[in-house]
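So that we are looking at the same thing, I have put the structure below in structure tokens.
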Amino acid sequence: MANSIRNSSQRSVIHCDTTDGAITLVELKGSLETTPTKAHIVEIYWQTAGSLTIDRGGTNVHAFTGTGHWNLMASGCELGGTQTADIGLTVSGDTYAIIVVHKSYELV
């Protein structure tokens, strides 16, 4: 399976199992919305026999191993990094992840 993105208004869900160096804000645009100006990673599910590293604009923000679920939205948080930067995914080993992204459209 290749990576896929399901876009809807104000939210995108990334299903990943392969490395993707730059998921852009344009790729997170739903059919009935303008291009987002920021992408906030708020929830992550992962299962890996290797690892998953997420970067923002080329700067690593977190590495995941094993299996887990991180619901940052419940505490009003998001994964750190620059929210205007591309989302990079580096996958090693047998890895699958679902990443929930909330989008905003304010001027940068």
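Take the stretch 65-99 and flag every residue that is surrounded by 19 or more Cβ atoms within 10 Å (Cβ to Cβ) and either in contact with a Phe, Trp or Tyr (Cβ under 7 Å, 6 or more places away or on another chain) or part of a strand (DSSP E or B) (or both).
I87, G88, L89, V91, T95, A97, I99
Now a separate question. Which residues, taken from the stretch 1-18, are within 11 Å of I87 (Cβ to Cβ) and free of Cβ contacts under 8 Å to residues at least 40 places away in the same chain?
Scanning the stretch 1-18 gives a single hit, I5.
On the basis of being surrounded by fewer than 12 Cβ atoms within 10 Å (Cβ to Cβ), of a type outside the set (F, W, Y), in a strand (DSSP E or B) and at pLDDT 95 or above, does H62 make the cut?
Considered against the rule, which asks whether it is surrounded by fewer than 12 Cβ atoms within 10 Å (Cβ to Cβ), of a type outside the set (F, W, Y), in a strand (DSSP E or B) and at pLDDT 95 or above, H62 comes out as no.
Here is a further query. Considering each residue of the stretch 43-59, count those that are surrounded by fewer than 18 Cβ atoms within 10 Å (Cβ to Cβ) and either of a type in the set (F, W, Y) or over 13 Å from the mean Cα position of the chain (by Cα) (or both), and give that number.
Residues flagged as surrounded by fewer than 18 Cβ atoms within 10 Å (Cβ to Cβ) and either of a type in the set (F, W, Y) or over 13 Å from the mean Cα position of the chain (by Cα) (or both) within the stretch 43-59 amount to 7.
Another question, if that's okay. Output yes when any residue across the stretch 24-42 is touching a Ser or Thr at 6+ places or on another chain (Cβ under 6 Å), surrounded by 16 or more Cβ atoms within 10 Å (Cβ to Cβ) and more than 18 Å from S4 (Cα to Cα), and no when none is.
yes
What are the residues in the stretch 1-23 that are of a type in the set (A, V, I, L, M, F, W, C), surrounded by fewer than 14 Cβ atoms within 10 Å (Cβ to Cβ) and in contact with a strand residue (DSSP E or B) (Cβ under 7 Å, 6 or more places away or on another chain), if any?
Passing the criteria: only A22.
Related question: Could we say that T34 is at pLDDT 95 or above, hydroxyl-bearing (S, T, Y) and either over 13 Å from G88 (Cα atoms) or out of contact with any Leu (no Cβ under 6 Å at 6 or more places or on another chain) (or both) here?
So T34 fails the test.
The values are calculated or read from the model by the stated rules, or taken from the named source; none is laboratory data. If you're wondering where the values come from, they're calculated on a predicted model, not measured in any experiment. Glycine gets a Cβ as well: all are built from the backbone with ideal geometry, and neighbour counts include every protein chain shown.
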